[in-house]
Amino acid sequence: MKKLIHIAMAALLLTAACTTAFAGGNKAKTDKKVAAFKYEKSGDIVKGSAASGDTAVVTIAATSDMHGRIYPWEYAIDAPANNAGFALTDTVVKQIKSEYPDTLLFDIGDALQDNSSELFNDLDTHPMIQALNAQKYDIWVPGNHEFNFGLPFLERNFANFDGRVVCTNIKYADSGKSYLLPYQIIVVNGIRVAVVGCVAPHIATWEASSPEHFQNLDFEDPISSVQKTVKELEGKYDVLVGVMHISREGEYECEGKSGAFQIAKAVPELDVVFAGHEHATYCTDVDGTWVLEPGKYGSQVAFSKINLKKENGKWKVANVEAKNIDTKGLKPSDDILAQFKWVDDKSKENANMVVGKITANFIPEGTDYITGKDNVTTMPRAQVEDTALMDLINEVQAYYTKADISTAALFNLDQTLKAGDFKRKDVAFIYKYDNTLMAVNITGKNLLAYMEWTADYFQQTHEGDATIAFNPNFRAYNYDMLSGINYEIDISKPAGSRITNATIKGKPVDPNATYKMAVNNYRFGTLKSKGWASEKDVYFSSINDLPLTSTVRDLIVKYTQENLKGNLSPKCDHNWKITGLPKTFNDPATIAKIKSGEIKVPSSSDGRTPNVAPVKVVK
């Protein structure tokens, strides 16, 4: 019997190794210097026949941030999603093309990551690219997550995409030449449509732990890069379209300078801008240019109708219409369902693989702090108090890195573990991303600076507040909770001065001492960009030290099976807490009105940040 158990466990670990292309064999191939990739496709794309008469129409449909979704199914929870997947967006596109057969079809990036899509990274052509090809996409702009798995993986998918890959702000560092096509001309019904693409320029920061993922590549400021390309295009187009995997307002040092809105203002020649990256749904007129984003996962399809009129023998844009089309509740495309059933079958099989047993619920009080339910509509419990769930992730990370401190974020606000079988889908549910594990030596001074930075997630409290509010400009995935250090977050104080009573092993954090801290590769990028750690401070990288199980997900499985003997039991050390709460916090009458639905807790306009303003006490 013991022999059978050992064989089963070995098989599970082997499956993890084989199905995580971010790790193991694929990863090792990217560690060596590779020859410069040359994108081979060029020349105009021609669609339809020349328009007759003095008026014409160009129509464009676009998806963005599909994140591994072909079927309308969420494999992390093994449940249907009635507003996700190419099977639904294809239904919308077919409806559009029934009226406008020559509609151009674009994808705005982040197609190749999430929703168990890493299971297929070893294939010559990833299923998401196969799906783009099956639907005859004309343009694909790579997103930042496209770089998660290394250049050999990405470049073979670039080459195998039947349309054109367009991005103007990625250059070779040694030559300054474009890595991909800076633009593409599509002649549709005789009308020259120029498509300029760009991506958020922070990939080097986000991939800092794996510099081979952007080897010999520079990411230029989007505005200046788009401006240069548009100047080069003078006289070559009738319609100018921006396709940009970048948020509305930009990020980090480019905050307020290089977002899609700022590009539209800086490049008024653009007739319409399709954006992605933010997972938001909007359609906004920015100084006369429509800028729109179709949300995430296929929840919407962005659509624009560009009306043209011929003047003195030349086509001129008369007006532009734009909207997002909802996919929720539509009948999935039979074509997509039939062609990609094999992907759905394998993903579901992997999701339901049992890797252990959960002895009790990890958040028995409910993931929502106020309602006590397991879907967050007010405050995520795991972000306002220490929980066994976050302690588990930090326990795993600290064990494999032999670190004093570990840090982790709540990637899915509803994440929890329920008593019963522990399946691979549960691992994906509590740890959404394919992050690898790293560990750094960090000074006490930089540790405290980093902790202050992450505590900026909270808004400052004031008397009269019944709830805690979050900073809408600080993403939830940047708010980290630490283990191995006792500390308090006094949110009555302004950002930058909130961490109090920080002790390690009973002693105050020494600014001059050096501590060992476990982080994921994404957070290492933050530490590096802020100057709190560098490559020389890295003493552990799972890619090199545990290559067969290098992702945090795989290490959770490995730790459960090898260290916990397959049994997960919740335990919480309560090493941190929030302080500085006003006397009015949790006012019973106000909380009762929130629970009843009489008072709604406000969320950000894009829906990504809950609780962006404190609910005031009801008098």
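If TRP315, TRP290 are ordered by their accessible area, calculated over protein heavy atoms with a 1.4 Å probe, which sequence runs from highest to lowest?
TRP290, TRP315
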Spelling out what I want: for every residue of region 89-98, take phi, set θ = phi - 60°, compute 6.51 cos²θ - 1.76 cosθ + 1.60 (Karplus), and round to whole Hz; glycine and proline get x.
5, 5, 4, 5, 5, 4, 5, 5, 6, 5
Can you find, among SER492, PHE422, ASN133, the residue sitting farthest towards the positive end of the charge dipole of the chain, where Lys and Arg contribute +1 and Asp and Glu -1 at Cβ?
PHE422
Two decimals, Cα atoms only, Kirkwood Rh: what is Rg/Rh over region 517-619?
1.13
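At 0.36 nm per residue, minus the direct Cα-Cα distance, what do SER534 and THR503 gain on full extension? Give it in nm, one decimal, please.
8.8 nm
If packing is taken as the mean number of other Cβ atoms within 10 Å per residue, what is the order of 435-442, 235-242, 345-352, 469-476, highest first?
The peptides rank, most packed first, as 435-442, 235-242, 469-476, 345-352.
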Give the carbon-plus-sulfur fraction of the accessible surface of the chain in %, rounded to a whole number; probe 1.4 Å, heavy atoms of protein chains only.
51
For the ranges 353-364, 201-212, what's the packing order if you count other beta-carbon atoms within 10 Å of each residue, average per peptide, and put the highest first?
201-212, 353-364
Along each principal axis of its Cα atoms, how long is region 201-358 end to end? Whole angstroms, biggest number first, please.
71, 42, 25
Whole-number D in µm² s⁻¹ for region 353-490, Kirkwood Cα-pair radius fed into Stokes-Einstein, 37 °C, 0.692 mPa s:
202
3J(HN,Hα) from dihedral phi, region 547-554, Karplus parametrisation 6.51/-1.76/1.60, rounded to Hz, x for glycine, proline
x, 7, 9, 8, 7, 4, 4, 5
Out of region 106-172, which GluC sites (Glu not before Pro) are coil in DSSP terms and have no more than 13 other C-beta atoms within 10 Å?
none
How big is the shadow of the Cα convex hull of region 524-563, averaged over all directions, in nm²?
3.4
Relative to the longest principal axis of the C-alpha atoms of the chain, give the angle of the C-alpha long axis of helix 151-160, reported between 0 and 90° and rounded to the nearest 10°.
30
Sequence-separation-based contact order of region 188-233, relative, with Cα cut under 8 Å and 6+ spacing, percent:
44
Compare the peptides 595-602, 610-617 by average per-residue count of other Cβ atoms within 10 angstrom and give them in order, highest first.
610-617, 595-602
Can you give the Rg and Dmax of region 442-560 based on its C-alpha atoms, in angstrom?
16.2, 53
Using the heavy atoms of the protein chains and a 1.4 angstrom probe, tell me the accessible area per residue for the chain in square angstrom.
39
Indicate, rounded to the nearest 5 percent, the antiparallel portion of the DSSP beta bridges found entirely in the chain.
65
Taking only the alpha-carbon atoms of region 206-260, what semi-axes of the equivalent ellipsoid follow from 5 times the gyration tensor eigenvalues under a square root, in whole Å, largest first?
26, 16, 9
Provide the per-residue ³J(HN,Hα) series for region 371-385, in order, calculated from phi with Karplus coefficients 6.51, -1.76, 1.60 and θ = phi - 60°, each as a whole number of Hz, with x at glycine and proline positions.
7, x, 8, 9, 10, 7, 10, 10, 10, x, 4, 5, 9, 10, 8
Take the cross-link list LYS38/LYS309; LYS373/LYS616; LYS423/LYS530; LYS296/LYS357; LYS328/LYS432; LYS595/LYS619 and give me the ones stretching past 28 Å between alpha-carbons.
LYS38/LYS309; LYS423/LYS530; LYS296/LYS357
For ARG192, list long-range residues whose amide hydrogen, built 1.01 Å from N in the peptide plane, is under 5 Å from its own amide hydrogen.
ASP238, VAL239
Relative to the first principal axis of the alpha-carbon coordinates of the chain, what is the inclination of helix 444-454, with its axis defined by its Cα atoms, in degrees from 0 to 90 and to the nearest 10?
60
Write down Rg/Rh for region 126-200, rounded to two decimals, with Rg from the C-alpha atoms and Rh from the Kirkwood relation over Cα pairs.
0.99
Globularity index of region 85-157, i.e. its alpha-carbon radius of gyration over 2.2 N^0.38 Å
1.17
The chain pair-distance distribution - Cα-Cα, 20 Å bins, rounded %:
19, 52, 26, 3, 0
Placed amide H near SER64: partners under 5 Å, 5+ positions off or other chain:
ILE108, GLY298
With a cut-off of 8 Å between alpha carbons and a minimum separation of six or more residues, what is the relative contact order of the chain in percent?
15
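The values are calculated or read from the model by the stated rules, or taken from the named source; none is laboratory data. For clarity, every value in this text was computed on a predicted model and none was experimentally measured. As a convention, Cβ positions derive from the backbone with ideal geometry for all residues, glycine included, and neighbour counts pool all protein chains shown. The area values use the complete protein model at the heavy-atom level, side chains included, leaving out ligands, DNA and RNA. Shrake-Rupley method; radii C 1.70, N 1.55, O 1.52, S 1.80 Å.
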